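Following: one structure in structure tokens, then a few remarks.
Since every read-out is calculated from the coordinates, none of them should be taken as a lab result. It should be emphasised that the depicted structure is a prediction, and the values quoted were computed from it without experimental measurement. Quick reminder, even Gly has a Cβ in these numbers, built from the backbone with ideal geometry, and neighbours come from all protein chains shown.
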Amino acid sequence: MKQHYNFAFIDEGAKREIRRKILKAVAIPGYQVPFGSRELPIARGWGTGGIQITLSVIGPDDVLKVIDQGCDGSVNAVNIKKFVSAVTGVKTTTDTVEATVIQTRHRIPEEKMTEEQILVLQVPYPEALRTVEPSEMETRRMHGEADYSRMWLYLYEDVVKYREISIGARYPVMVNGRYIMDPSPIPRWDIPKLHMADTLYLFGAGREKRIYAIPPYTEVKPLEFEDFKFRVEDFKGASCMRCGSTDTFLDEIIDDATGKRIYLCSDTGYCDKVIESRGGQQCRQ
Amino acid sequence: MPPIIPIIEVKNLTKIFGNGCPHCRNSTGPEHETNMCSNCGSVVACSDVFFELYPGEILGIVGESGSGKSTVVKLLHFDWEATSGEMYIQKPEVRIQNSDLDGKNLFLLSPYQKRQIINSFMGIVYQNPHLGLRMDVSSGGNIAERLIMANWKNIAMMRGRASELLEKTEIPVERMDEPPRNFSGGMQQRVQIAKALSNNPLILFLDEVTTGLDVSVQARVLDLIRNLQRELNLSIILVSHDLGVIRLLTKRTVVMKYGRIVETGLTDQILEDPQHPYTQILVSSQL
């Protein structure tokens, strides 16, 4: 069959532009670089930022993994994987270690990623300061002058009111000591993985037309006070019902039939791997 | 005795709203009885304003509404960008390390450097508490915001400092976590003063702070300002149209009309023996 479109769907000119913007983003860690977000066969807000980055950096020899909230099998992840695979012919996988490019929504895989891999994150709201300032002009000025007191004030008020910082996902981080960045809606659990990582992290917001990056070995610190430290989610000793892991990020699920509260690994690829390493034996609880 | 060096020095300060033209300055001012340029219609809010502020001094700026006195304060605090002019600060290195600000015209600094100057040297109290305070954020948080700007990162220490300041400005410390929205006008004004003082400023701008408060509250706020000024040795620029306030607090006064300084001198002298016709009217029309 004759192919009616370019390799990786978008045209070479567009890919070059996106790669240029990625380079700029890598050069200024945490800084949001505007880019010309292209039309795709799916609507903006459904991961088009991530898809455009993936399509721009992927080559015929790459191995692709796509996850949505840690899951390889959810509709969005499957469709993106099928689409990219159809327009590039690359191999796909559910194994974090085997993949060279991983596109993700709302999670960073449990398994440690290497220098050889790229993690592409889909971003709904690239502006970390939007919570405290509605105007784009003003937030850009704030970034320009590193005027971040209002973000800190927001955290201060949270601590005073609730003795807790109420931000769950999208916890703001300071990148390279300069820019406050929205890490996309990953849970707090994944925030420490951004710091001094071996892997290149690329963030794409298709609807908001922004690309930003954390290059490998960059300092990434969650905002915290000297006497009120950042902390990750606490599962109070719960373990995954399938694989029994206690050191992973768990999804809480209420069983419809029994009304019981159960926990499962959010990273399904990792969960499967743990079960497989035990010879396919699932836990019983 | 060595001469006293002014803490800030202002020269040729000008603010023009509109496109401006070469005739703006010559066609406005008290002798033309307007601050709108007859040629291009631009408004000359202030022009050629110059003065020095000495350490520990309260300098008054007095004038009728529209005379440009608040404009001057907004320019000095970098709220508005000056059209032209110069401002120099004494020994910026005392508060800002590794910066090369000595002898530099502050109006030409980058926005980031201006912010540094504000955070380390200046405090401001506006007539309207809504301008100086975040009404939905707790009073303690309002004060903490300025401390955060000065790189404080410890909540317990920030709260300690906030309660200290609120006590000083006679706000019950138990109400620290209430937003200023819940407070009376006089209390809001005192929270604003506490906020302005949080970073230990050397220079405080007070823009019509007592206007709109009832007389007894006014007296308490003025008392507070006078005590704080003595205790902390602040240099203050006090803008007011109320000659009573000027007489009570200031030693030296600048009189403005149509964006120009018409008279400068010791407050007593100006009030007892005004030289400029406008100042004479101003003084004689006092109730």
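Using just its DSSP H runs of length 4 or more, each adding -39500 (n - 2.57), chain B gives a mean residue ellipticity at 222 nm of -10000 deg cm²/dmol after division by all residues. Computed from Cα positions, the angle between helix B:139-149 and the longest principal axis of chain B comes to roughly 70 degrees. In terms of packing, defined here as the mean over residues of other Cβ atoms within 10 angstrom, the peptides B:15-24, B:62-71 line up highest first as B:62-71, B:15-24. Using θ = phi - 60° in the Karplus curve 6.51 cos²θ - 1.76 cosθ + 1.60, the 3J(HN,Hα) couplings for region A:185-196 round to x, 6, x, 4, 3, 8, 4, x, 5, 7, 7, 6 Hz; x is entered for Gly and Pro.
Here the relative contact order of chain B, from alpha carbon pairs under 8 Å that lie six or more residues apart, stands at 24 percent.
In a DSSP loop and with at most 14 other Cβ atoms within 10 Å, the chymotrypsin sites (Phe, Trp or Tyr not before Pro) in region A:176-247 are A:TYR217.
Taking label positions 7 Å along the Cα-Cβ direction at both B:ARG226 and B:GLU174, the computed distance is 3.1 nm, reported to one decimal.
Per residue of A:150-158, what is the mean number of Cβ atoms on other protein chains within 10 angstrom of that residue's Cβ? Whole-number average of other-chain Cβ neighbours for A:150-158 is 6.
Annotation: amide H-H contacts under 5 Å for A:ALA8 (H modelled 1.01 Å from N, sequence separation of 5 or more, or interchain): A:THR88.
When A:THR54, B:THR28, A:THR131, A:THR88 are sorted by how many other C-beta atoms sit within 10 angstrom of their C-beta, beginning with the fewest, the order is A:THR131, A:THR88, B:THR28, A:THR54.
Ordering B:GLN229, B:ASN39, A:ILE10 by the projection of their Cα atoms onto the charge dipole of the protein assembly as shown, which places +1 on the Cβ of Lys and Arg and -1 on the Cβ of Asp and Glu, puts A:ILE10 at the extreme positive end. Report, in deg cm²/dmol and to the nearest 500, the calculated mean residue ellipticity at 222 nm for chain A, where each DSSP H run with n ≥ 4 adds -39500 (n - 2.57) and the sum is divided by the residue count. Taken over chain A, the calculation gives -8000 deg cm²/dmol.
Shape of the protein assembly as shown from its Cα gyration tensor (a ≥ b ≥ c, root eigenvalues): rounded if a/c is under 1.5, otherwise prolate when a/b > b/c, or oblate? Here the protein assembly as shown falls in the prolate category.
When the charge dipole of chain B is built from unit charges on Cβ atoms (+1 for Lys and Arg, -1 for Asp and Glu) and taken about the Cα centre, the candidate among B:SER67, B:PHE121, B:GLY20 whose Cα reaches farthest toward its positive end is B:PHE121. Within region A:9-91, the GluC sites (Glu not before Pro) that combine a DSSP coil assignment with at most 12 other C-beta atoms in a 10 angstrom radius are A:GLU39. Straight-line cross-link reach from B:LYS104 at under 19 Å between alpha-carbon atoms covers these lysines, not counting any fewer than eight positions away in the same chain: B:LYS11, B:LYS91, B:LYS114. In chain B, the longest principal axis of the Cα atoms and the axis of helix B:185-197 are about 90 degrees apart. Here the dipole of chain B is about 620 debye; that uses its Cα centre as origin and unit charges on the Cβ of Lys and Arg (positive) and Asp and Glu (negative). Taking a span of 18 Å or more along the helix axis (Cα atoms) and a mean Kyte-Doolittle hydropathy of at least -1.0 as the rule, the DSSP H helices of chain A that qualify are A:12-27, A:75-88, A:149-162. Taking 4.7 Å between beta carbons as the limit, the unpaired Cys residues of chain B are B:CYS46. Peptide B:134-141 has a mean of 3 when you count, residue by residue, the C-beta atoms of other protein chains within 10 Å of its C-beta.
Altogether, the Stokes-Einstein calculation at 10 °C and 1.306 mPa s, with the Kirkwood radius of region A:12-222 over Cα pairs as Rh, returns a diffusion coefficient of 91 µm²/s. For region A:167-266, a crude dipole built from +1 on the beta carbon of Lys and Arg and -1 on the beta carbon of Asp and Glu, taken about the Cα centre, is about 260 debye to the nearest 20. Where does helix B:215-232 land angle-wise versus the long Cα axis of chain B, in degrees 0 to 90, nearest 10? For helix B:215-232, the angle is close to 80 degrees.
Its Cα centre serving as origin, region B:167-207 has a Cβ charge dipole (Lys and Arg +1, Asp and Glu -1) of approximately 100 debye.
Highest mean packing first, where packing is the average number of other Cβ atoms within 10 Å per residue, the peptides A:242-254, B:115-127 line up as B:115-127, A:242-254.
Cβ crowding within 10 Å ranks B:LYS251, A:LYS229 as A:LYS229, B:LYS251, fewest other Cβ atoms first. Of the trypsin sites (Lys or Arg not before Pro) found in region A:1-99, those in coil by DSSP whose Cβ has at most 14 other Cβ atoms within 10 Å are A:LYS2. Note on A:225-237: average number of Cβ atoms from other chains within 10 Å of each residue's Cβ is 2.
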